[in-house]
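Each reported figure results from applying straightforward, stated rules to the coordinates on display, with no laboratory input. Note that the structure is a prediction, hence the values are computed from the model and not measured. Cβ placement follows ideal geometry from the backbone for every residue including glycine, while neighbour counts extend to all protein chains displayed.
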Amino acid sequence: MSATATVKVSYAELERLGIHALRGLGYSFSVAERAVRALAATEAATGLALRYISSASDQLAATSKTVATVETLAPGVTRVDARNKALLEMSPFLLDLLTAEARQLGSAALLVEKCRGMPFIADFSLRARRLGLTIVALYEQAETRALAPFAAAGAVYVTDGAIAGGALSDSGEAWAQAATLLRANGVEAAITEQGRSTGRLLLLAQAPSGGATKMNLLTLRDQIALDPNGPSWQCAQSWPAALDGAIRGQIVSDQSAFDFFNQCVRRIWAPTSERSRAQQG
Amino acid sequence: MRSRPLQADGFQVGLIESPVSLAARLPRALLSRLEDWFGEDRVSLLLGRLRDPDEIMTPDSMSAMKSCSLSFLHTLMKRMAEQRWDVRRRRLDVDVTGNGVAVYDLVAEGHIFTLIVRTCWNGEEKPGRRMDQTADFLASFVSGRADDALVEREVSAMAIPQWGGRTDHRSYGWTAANRSPRSFEYVVDALERGTQPDLKELSSGYVIRNAGFYGNGRAGAANWLSIPERDHPFSVPYHMDMFLLYMWREIGLDFVEAIAAKRSATAAKLDGRTRHHIGVGNSSGLGMTVALVRWPQWLGTWCLTREIALACAKTETRVASTERMESLCDRLKRAVRYYSDLPGPEHVLTRHETIAADLRHVLETLDSWRDTAADDATWGDFCDGLSDTVGRDALEQLNAFLIDLYPESTDKLASLVPEAMRRSRELVPDMTIGDLKELILRDYRWALEVDRSDPSSAWHFWYHSEEAGEQRRGERHVDPCLEYETFVDVIGPVQLCHRQLVEEKWKDKDSVALFTLAHPDLAYIVSRIQFLREEPYGEIRGNLIAKSFLPIKVIRFFLSIFGFQSGIPRSVAWVQGVLLQGAPSPADLREGRPRDWIMPVNPKNEGLS
């Protein structure tokens, strides 16, 4: 198998140009400005962000203007229909909602459906480190085999500012275990129902001041079996060091994916009128 | 407290109070630091002297601001002199045309850096724009001592036209400069003939002109955040940019000498007076407006630091300032001479001759005040007494000089800048809708009051041009691609956000997180409003997309932050100027020989009283 051409990229370069590239895909400035950190951090942590954007660009563009919907299932339990939007843009908003509810109520759960781009769970967890919450996140991706080597499902834990996690041995079992935490809220079935949509995340958060479920999140973390042979990108323990290394040094990215990224940047370059050019002096 | 009804876009949004005192908006941590430095009583006094953002953060007011000892170039030069930074030329190879390579080594505070320079002269004057195919001079600033292989690598990469090459994290970035062809050749010719150039003929004051520093990741260069926050020569924002500006001056001087020497075995070298006189040119355009809006914590940090420094100065009494009077008088006299020699500017800015006349009046008033004012009269009293008789530019020049009079204050306050500028903005998701609405009314009343029903109030938009992505300003009803508008307009999103909060009847106890999930396109403005609640000077209080707005007003302000004494507008969106005339040489810095180089005398007027 021939080696893929690579290019050395700066983290700051991805952040600066990423806003333009995402706008070139159809995102507003506001969404692009938040998503660009997801792009840069996930590329640093997993090496998959630029390739994902390159392979899923049509899907990203098609959903760039749609808006996720929110439904309260029970106090502190919310269902979010991401309407096939990617975690690239959804990650900061989901973390915001989870944080707000956890801080207000002591604990919170988000069931996110029809969401794509699971490698961006790396950004979600990297951001979550600074919030002082205990978080368990389970995800099942909806992408097709064409996006291999994305593994089917995984888990991430954020506890005391540290990240752990990886690919799941048995996704169904893991989700069922997690669902038992919400039995009292009457939403267990919503989480484990048959025919559930693919592209799902279950995000559970506990604030330091939270009540009885605190120990249960840690217990849940210990109960869930990870696949020791899961793909390297899903080894969550490696993400913080990879991010720090990228900020201090550089990222080695796929050349063709980076070329596509730059093509997206140039999409926002507009023709200039003589009047406009004359102002430059 | 005064209350009045507010109408914004036809909405009655209820009564609002007068702005909360500035002190109440400042972070507790900052107030503690100030109290540690100056004592509680003094801090209480100077907080009362902080100027209203509504008054000083308008484009007109900002345009009048002047460089002071807090400006980045001045804090850098001070550091370079105190720490005796050691810049030496390792190598310079050039042909008679001016094509060549040079390498400079910097040892600063135990750190080593290399500046690798490539020059290529094709005979054409270049404006120094991003869209240019190349630049006459390109340089890469790398960490550590670059060996020959790294030098060769960077020289080759920089040779690729239109910034097509790439570097890596060993380089902090690439910087460019161009000849001022007439001046450059004039100096080379004079040296070639064995003579010194006549400085009276060198009207521009420079031989090469800075064309920008492209760092922080551009073309694969190092991330600025990779520089430690402390104990690093370049931990202060913009110090690297300013250092490279300083080096362009040296490089220009070295190359005119070297080219002359190639052309004639009896060529002269520049004497010390000439080397000190020649500065470096600079042009700045629309991108500076975008940067100031895009990074409000930079704007807010710098302005707050300066305002606190000014307040410190203004609370000093006449009797306590006796020893500093002469210094102030000297500066004012120098400024009168300096502004009298400068032409222009045009474009509805205050003419330099008017500033000179106003400063003469300030001097005359000071002459009387120093002998007749009460012992406890303050500089603030002195300035207040001038406000009806002296224009804004002259008052701001006086303010800058007052700040400079008290280095014991500015040195402390300058230390606040690096950390504050590194703050990053995060949305506060659990803030309630009620609190957000109150913030908008408290801090963005100025934005809500703008009438956007008039087309002239939303005339322009900024965008990236297909000509190498350069920032341009277009007209909404003429130019295409409005959907890719660069973020410059704060007023529109603030008004829209406030309208959605009110019209959609969000409950006060709902979280901001729910609102931004429903309105992701407003997440940025929400986080900005939250972020700036403790940055009273973080916003330019003006309509930047109005037909009447002149970008040069904001560009001149940004240049004053860098350390420009005065920029000359060449259009409504482009300002030129010269820096570092009279500044210390590398030998001066190495040997700890400080120079007072503010507002140098025009050689045409040397010897005149």
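Database remark: amide H of B:THR134 closer than 5 angstrom to the amide H of B:GLN162 (H placed geometrically; neighbours at sequence offset of 5 or more, or on other chains; Pro and chain starts carry no H). DSSP assigns beta bridges within the range A:61-163; of those with both partners inside it, close to 65 percent run antiparallel. In percent, rounded to a whole number, the relative contact order of the range B:544-591 is 30, using alpha-carbon pairs under 8 Å and six or more apart. At q = 0.11 Å⁻¹ the log10 of I(q)/I(0) for chain A amounts to -0.61, computed by Debye summation with a single uniform scatterer per C-alpha, solvent ignored. The convex hull drawn around the Cα atoms of the range B:187-262, when projected onto a plane and averaged over every direction, covers 7.1 nm². In terms of Cα to Cα distance under 21 Å, which lysines are near enough to B:LYS553, apart from those fewer than 8 places away along the same chain? Correct list for B:LYS553: B:LYS66. Taking only the Cα atoms of chain B, the radius of gyration and Dmax are 25.4, 83 Å.
To the nearest 10 degrees, how steep is helix B:28-38 against the longest Cα principal axis of chain B, on a 0 to 90 scale? Between helix and principal axis, roughly 60 degrees. A Cβ-based charge dipole, computed about the Cα centre of the range A:1-53 with Lys and Arg at +1 and Asp and Glu at -1, lands at about 40 debye. What translational diffusion coefficient, to the nearest whole µm²/s, does the range B:437-526 have by Stokes-Einstein, given a Kirkwood radius computed over alpha-carbon pairs, a temperature of 25 °C and 0.890 mPa s viscosity? This corresponds to a translational diffusion coefficient of 165 µm²/s. Look at the dipole of the protein assembly as shown built from charges on Cβ: of B:TYR238, B:ILE56, B:MET599, the Cα furthest out on the positive end belongs to B:TYR238. Indicate the gyration tensor shape class of the range A:1-122 (rounded, prolate or oblate), computed on the Cα atoms with a ≥ b ≥ c the square roots of the eigenvalues: a/c under 1.5 is rounded; otherwise a/b larger than b/c is prolate and the rest oblate. Because a/c hits 1.5 or more and a/b exceeds b/c, the range A:1-122 counts as prolate. Name the shape class, rounded, prolate or oblate, that the alpha-carbon gyration tensor gives for the range B:51-163, where a ≥ b ≥ c are the square roots of its eigenvalues, rounded holds for a/c under 1.5, and otherwise prolate holds if a/b is larger than b/c and oblate otherwise. Oblate.
Counting, for every residue in B:513-526, the Cβ atoms of other protein chains within 10 Å of its Cβ and taking the mean gives 6.
Between B:HIS169, B:GLY194, B:VAL207, the Cα set farthest toward the positive side of the dipole of the range B:169-213 (charges on each charged residue's Cβ, about the Cα centre) is that of B:HIS169. Among B:GLU449, B:GLU185, A:GLU13, the order by Cβ neighbours within 10 angstrom, fewest to most, reads B:GLU449, B:GLU185, A:GLU13.
Report note on the peptides A:27-34, A:83-90: ranked by the mean count of other C-beta atoms within 10 Å, highest first, their order is A:83-90, A:27-34.
Note on B:426-435: average number of Cβ atoms from other chains within 10 Å of each residue's Cβ is 4. Taking chain A as a Gaussian network, where each spring joins two C-alpha atoms under 10 Å apart, which residue of A:THR72, A:THR192, A:THR63 fluctuates the most? Of A:THR72, A:THR192, A:THR63, the most mobile in the Gaussian network model is A:THR72.
Dipole of chain A computed with +1 at Lys/Arg Cβ and -1 at Asp/Glu Cβ about the Cα centre; of A:ALA62, A:LEU203, A:ALA49, farthest Cα towards the positive end is A:ALA62. For A:LYS114, the aspartates and glutamates whose Cα falls under 15 Å of its own Cα, not counting residues fewer than eight places away in the same chain, are A:GLU71, A:ASP81, A:GLU89, A:GLU140, A:GLU143, A:GLU193.
Rounded to the nearest 20 debye, the dipole magnitude of the protein assembly as shown is 940 debye, with +1 charges on Lys and Arg beta carbons, -1 on Asp and Glu beta carbons, and the Cα centre as origin.
Cβ crowding within 10 Å ranks B:ASP388, B:ASP148 as B:ASP388, B:ASP148, fewest other Cβ atoms first. Summing Cβ point charges (Lys, Arg +1; Asp, Glu -1) relative to the Cα centre of chain B gives a dipole of roughly 900 debye. Taking θ as phi - 60° and the Karplus parameters 6.51, -1.76 and 1.60, the scalar couplings of the range A:57-65 work out to 4, 5, 5, 4, 5, 5, 10, 5, 9 Hz in sequence order, x denoting glycine and proline. All C-alpha pair distances within the range B:426-487, sorted into 5 Å bins from zero, spread as 4, 14, 16, 14, 13, 15, 14, 9, 2, 0 percent across the bins. Comparing A:PRO208, A:PRO231, A:PRO271 in a Gaussian network model of chain A (Cα springs below 10 Å), the most mobile by mean-square fluctuation is A:PRO271. Too long at a 32 Å Cα-Cα cut-off: which of B:LYS78/B:LYS269; B:LYS314/B:LYS437; B:LYS412/B:LYS437; B:LYS78/B:LYS262? Violating the 32 Å Cα-Cα cut-off are B:LYS314/B:LYS437; B:LYS412/B:LYS437; B:LYS78/B:LYS262. For the range B:153-196, the C-alpha radius of gyration divided by 2.2 N^0.38 Å, with N the number of residues, is 1.73. Mean per-residue shielding of peptide A:8-21 is 5, counting Cβ atoms of other chains within 10 Å of each Cβ. Output needed: percent of Cα pairs per 10 Å distance bin for the protein assembly as shown, bins running from 0 to the one holding the longest distance. Computed distribution, short to long bins: 2, 11, 20, 23, 20, 14, 7, 3, 1, 0. For B:GLN471, the residues 5 or more places off, or on other chains, whose built amide H falls under 5 Å of its own are B:SER465. In order along the range B:450-465, the phi-based Karplus estimate (6.51 cos²θ - 1.76 cosθ + 1.60, θ = phi - 60°) of 3J(HN,Hα) comes to 6, 8, 8, 6, 7, x, 5, 7, 9, 8, 9, 8, 9, 7, 8, 7 Hz; Gly and Pro are listed as x.
For chain A, relative contact order (Cα pairs under 8 Å, six or more residues apart, normalised by length) works out to 28 percent. Per-residue Cβ neighbour counts within 10 Å put B:GLU419, B:GLU535 in the sequence B:GLU419, B:GLU535, beginning with the fewest. Take every Cα pair under 8 Å whose residues are at least 6 apart in sequence, average their separation, divide by the length of chain B, and the relative contact order is 21 percent. Each residue of the range B:262-277 was assigned a 3J(HN,Hα) from its phi angle through the Karplus expression (A = 6.51, B = -1.76, C = 1.60, θ = phi - 60°), giving 5, 7, 8, 5, 10, 4, 7, 9, 5, 7, x, 4, 5, 4, 5, 6 Hz with x at Gly and Pro.
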